[in-house]
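K.L.:
Quick one: this structure, given as structure tokens, is what I'll be asking you about.
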Amino acid sequence: MVDIQVKNLTKFFVIGEYLLDGLSFEIQEGERVAILGRNGCGKTTLFNILTGQMDYDGGEVYVNPNKRMGLISQIPHFPEGYTVEDVLRSAYAELLSDRKKMEQLECQMSAGATEEQLREYDRLSNRFQSGGGYEMDVEVDKICNGLGISREQREQSFSSLSGGEKTRVNLARLLLEKTDILLLDEPTNHLDLNSVEWLEQYIRAFKGTVLAISHDRYFIDQIAQRVIEITQGHGEFYSGNYSFYMDEKQARFDLQMKQYQQEQAKLKQLGYTVERMKGWGINNRTLYRRAMSIQHRMERIRKTEKPQKERTMKASFGEKDFSGDVVFKMKGVSKSFGDRTLFSDVNLNVEAGERIALLGDNGTGKSTFIKCLLGEEDCTGKIQFGPTVKWGYLPQIIHFDHPERSLYDTMLYEKNCTPQVARDRLGAFLFQGEDVFKQVQNLSGGEQSRLRLCMLMDEKINLLILDEPTNHLDIASREWVEAAIEEFEGVLLFVSHDRYFIEKFAERIWLLEDGTIRDFPCGYAKYRSILAHEAASKPAAVPVPKPKKEKPKGGTKESEKLVRRLEREIEKQESLIAQLDVKIEEAAADYQQLTKALEEKEAAEAALMELMEQWEAAQE
């Protein structure tokens, strides 16, 4: 069954300049499809058209009317005073309305129920149950645990959250709505590694249809069954994940180039023959007619277009010579905000040529750690740099002192270079023509990152520090940044949630968690296997011992003592089961922890039944 069908879709914002030009594709029920393309190629515009938020200029768009579609891109507005919990529960608006009506009917029926009231209550009750009303709390906890939305955050006002936190909550709300078609526009932005991995598992288990716009190559590899690349307003189709797409795209380029070269060689040979026969045919009409026949045949040959590689930026980091072994040392470094300790007693040495990834969940203090290292934040302990170290830093949040300036003026004033050098450097970063006169404040996040990198790469440095360097960059730009970093021979320290990037560059990993930094002298794959081994080696929960049956001793006083003791034990066991219920809710998104908690609860309930039997016997 077709869930989405697009035929000859056209959309333009400036007359004569088409963003989408005859785009056509079909999405079958249950497919997971990645939409790729450079920034500005029309991916988000396509999503807005599919959801009806934007009109189009030509073609046909069909979305299965019997399916419920959900889009995560823009943050919806909620009433003033709405907490995060209110936003999450808005996914169950119809079920909550049914429950309220049921409660009202219960009050009305307490003094006596009519047949009509009983029928209405039965109808509402069945709808509430079939809609998952009784599993509502468990589902909310499961999604929140998976996406790292804490109970404290659920009590906060939604309007007080950061943009990234709002995106995360809105994603949770969308997943709770039980939509049939998920449209995800950069869903991994603002998610830490654990949350991204949880989202991948959720999407792979999702029974509906998924369309995802993403520049996260590892994420696409994990979830995509098919890739649609939007290029020059058209669609290119690949029947596999990102790795397949890359191999197939190169194979198509090579084949088209081979066909082009063969055609050009053939045309060149025929052209040479035509010229010779025309020369010989000056006095021979037969030869001349044959030459003209060959020329007409050349014109009828189907010409293969010469395949073009995408324009890429050409630049590299300037490097300063480094003398010595130790780049920097940290001894007893600690940082706290009030009662909250981000990290304490950090002792690390970094030597020349190392490539280090600083990992950890959102909010653990990775960016603060970088700022402490660079002296932008105060901390206790000792940080010492080598005498010839010069660092360059790309922060997560890009800031310009004069955002009202154009790109061209920014380069002139801040880099103190000549007009020609400014144009050349900007051109190397794909800022060409009239683009260089745009105001910095009007650039997209990706363009601002590109401009800051343009300025950073001119500096002579031997320590490069990057905080989320691939955020807001499309895949082509990410690959360019990677190419530039590969040539950099100095020390690299970076914070990233881009697993593709981490796997490519990390040779040492620092994990910031629980206020400490663990040092793993290995790459990302081995680091993941170490964590998996540690998780598997944790001792299993000890089952609750089964109490021995006690028969009541003779005498009334002895029996009464035994009854009271058993009642105290029953209360303790019931309290334990209540604690396990909370543990089960908290572990709803973690299969291993959930299995252990359920086993503990089963053992505890069996022990409770034994105690109840003893209590009944004692009563008798």
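K.L.:
When you scan region 342-397 for strands (runs of 3 or more DSSP E) that lie fully inside it, which ones turn up with 2 or more residues that are closer than 30 Å to G446 by Cβ?
P.N.:
Details: elements: 355-359, 380-385, 391-394.
Correct list: 355-359, 391-394.
K.L.:
What tally of residues in region 295-315 results from selecting those that are surrounded by 14 or more Cβ atoms within 10 Å (Cβ to Cβ) and either of a type in the set (S, T, Y) or at pLDDT 80 or above (or both)?
P.N.:
1
K.L.:
Next question, about the same structure. How many residues does region 212-225 hold that are of a type in the set (D, E, K, R) and either open to solvent by less than 10 Å² (accessible area, probe 1.4 Å) or part of a loop (DSSP other than H, G, I, E, B) (or both)? I'd like the intermediate steps shown before the answer.
P.N.:
Pass one, region 212-225, residues of a type in the set (D, E, K, R): 216-217, 221.
With either open to solvent by less than 10 Å² (accessible area, probe 1.4 Å) or part of a loop (DSSP other than H, G, I, E, B) (or both) added as a condition, the list becomes 216-217.
Residues meeting the conditions: 2.
K.L.:
Still on this structure, I have one more. K178: in a loop (DSSP other than H, G, I, E, B) and farther than 25 Å from R217 by Cβ, yes or no?
P.N.:
Values: in a loop (DSSP other than H, G, I, E, B): yes; farther than 25 Å from R217 by Cβ: yes.
Yes: the conditions hold for K178.
K.L.:
Which condition breaks for Y413 when tested against (1) within 26 Å of the chain's Cα centre (by Cα); (2) open to solvent by 10 Å² or more (accessible area, probe 1.4 Å); (3) aromatic (F, W, Y)?
P.N.:
(1)
K.L.:
If I filter region 334-354 down to residues being touching a residue at least 12 places away in the same chain (Cβ under 8 Å) and within 15 Å of D514 (Cα to Cα), which single residue comes out as farthest from the chain's Cα centre (by Cα)?
P.N.:
Within region 334-354, the first condition is being touching a residue at least 12 places away in the same chain (Cβ under 8 Å), and the residues that meet it are 334-335, 341-354.
Narrowing further to those that are within 15 Å of D514 (Cα to Cα): 334-335, 341-346.
Values: S334: 30, K335: 29, T341: 28, L342: 24, F343: 26, S344: 30, D345: 32, V346: 30 Å.
The residue in question is D345.
K.L.:
Starting from region 128-139, keep only residues that are farther than 19 Å from D581 by Cβ, then list their pairs with residues that are open to solvent by less than 70 Å² (accessible area, probe 1.4 Å) whose Cβ atoms are within a distance under 7 Å, requiring at least 6 positions of separation or different chains.
P.N.:
The qualifying pairs are F128/L95; F128/D98; F128/M102; G131/L95.
K.L.:
May I pose another question? Looking only at region 476-497, how many residues end up being charged (D, E, K, R), under 19 Å from D192 (Cβ atoms) and open to solvent by less than 10 Å² (accessible area, probe 1.4 Å)? Working first, answer last.
P.N.:
Here is the first cut: in region 476-497, the residues charged (D, E, K, R) are 478-479, 482, 486-487, 489.
From the residues that got through so far, the ones that are under 19 Å from D192 (Cβ atoms) too are 478.
Of the ones still in play, those that are also open to solvent by less than 10 Å² (accessible area, probe 1.4 Å) are none.
Of the residues in region 476-497, 0 are charged (D, E, K, R), under 19 Å from D192 (Cβ atoms) and open to solvent by less than 10 Å² (accessible area, probe 1.4 Å).
K.L.:
Is it the case that some residue within region 60-76 is under 22 Å from E177 (Cβ atoms), open to solvent by less than 80 Å² (accessible area, probe 1.4 Å) and of a type in the set (S, T, Y)?
P.N.:
yes
K.L.:
Taking the residues in region 508-533 that are over 23 Å from the mean Cα position of the chain (by Cα), assigned to a loop (DSSP other than H, G, I, E, B) and not hydrophobic (A, V, I, L, M, F, W, C) as candidates, determine which candidate is farthest from D361 (Cα to Cα).
P.N.:
P521
K.L.:
Among the candidates F505, F520, which residue alone is aromatic (F, W, Y), on the phi < 0 side of the Ramachandran plot and either free of Cβ contacts under 8 Å to residues at least 60 places away in the same chain or open to solvent by 60 Å² or more (accessible area, probe 1.4 Å) (or both)? If you could, list the steps in order and put the result at the bottom.
P.N.:
Values: F505 fails: either free of Cβ contacts under 8 Å to residues at least 60 places away in the same chain or open to solvent by 60 Å² or more (accessible area, probe 1.4 Å) (or both).
Result of the check over F505, F520: F520.
K.L.:
Can I ask one more? Identify, by number, the condition in (1) in a loop (DSSP other than H, G, I, E, B); (2) open to solvent by less than 10 Å² (accessible area, probe 1.4 Å); (3) at pLDDT 85 or above that L473 doesn't meet.
P.N.:
It fails just one condition, (3).
K.L.:
Just wondering, is there one or more residues in region 202-211 that are more than 22 Å from A532 (Cα to Cα), in contact with a helix residue (DSSP H, G or I) (Cβ under 6 Å, 6 or more places away or on another chain), surrounded by fewer than 20 Cβ atoms within 10 Å (Cβ to Cβ) and not β-branched (V, I, T)?
P.N.:
No, region 202-211 has no match at all.
K.L.:
If you don't mind, there's one more thing I want to ask. Pull out all pairs, ordered by first then second residue, where Cβ-Cβ is under 6 Å, the residues are six or more apart or on different chains, the first lies in region 390-403 and is closer than 15 Å to M455 by Cα, and the second is open to solvent by less than 50 Å² (accessible area, probe 1.4 Å) and of a type in the set (D, E).
P.N.:
Between residues of region 390-403 that are closer than 15 Å to M455 by Cα and residues that are open to solvent by less than 50 Å² (accessible area, probe 1.4 Å) and of a type in the set (D, E), the close pairs are P395/D467.
K.L.:
Okay, next question. So is I228 part of a helix (DSSP H, G or I), closer than 21 Å to G40 by Cβ and open to solvent by less than 50 Å² (accessible area, probe 1.4 Å) or not? Steps first, please.
P.N.:
Numbers: part of a helix (DSSP H, G or I): no; closer than 21 Å to G40 by Cβ: yes; open to solvent by less than 50 Å² (accessible area, probe 1.4 Å): yes.
Criteria not met by I228.
K.L.:
Could I ask something else about it? Say we look at region 48-59 and pick out the residues that are crowded, with 17+ Cβ neighbours inside 10 Å and within 18 Å of I35 (Cα to Cα); which of these is modelled with the lowest pLDDT?
P.N.:
Of region 48-59, the ones crowded, with 17+ Cβ neighbours inside 10 Å are 48-50, 56, 59.
Among the residues that remain, those that are also within 18 Å of I35 (Cα to Cα) are: 48-50.
Values: N48: 90, I49: 93, L50: 93.
Going through the qualifying residues, I end up with N48.
The values are calculated or read from the model by the stated rules, or taken from the named source; none is laboratory data. Only a predicted model underlies this, so the values are computations on that prediction, with no experimental measurement involved. Neighbour counts run over all protein chains shown; Cβ positions are idealised from the backbone, glycine included. What goes into the accessible areas is simple: the full protein's heavy atoms, side chains included, and nothing from ligands, DNA or RNA. Shrake-Rupley method; radii C 1.70, N 1.55, O 1.52, S 1.80 Å.
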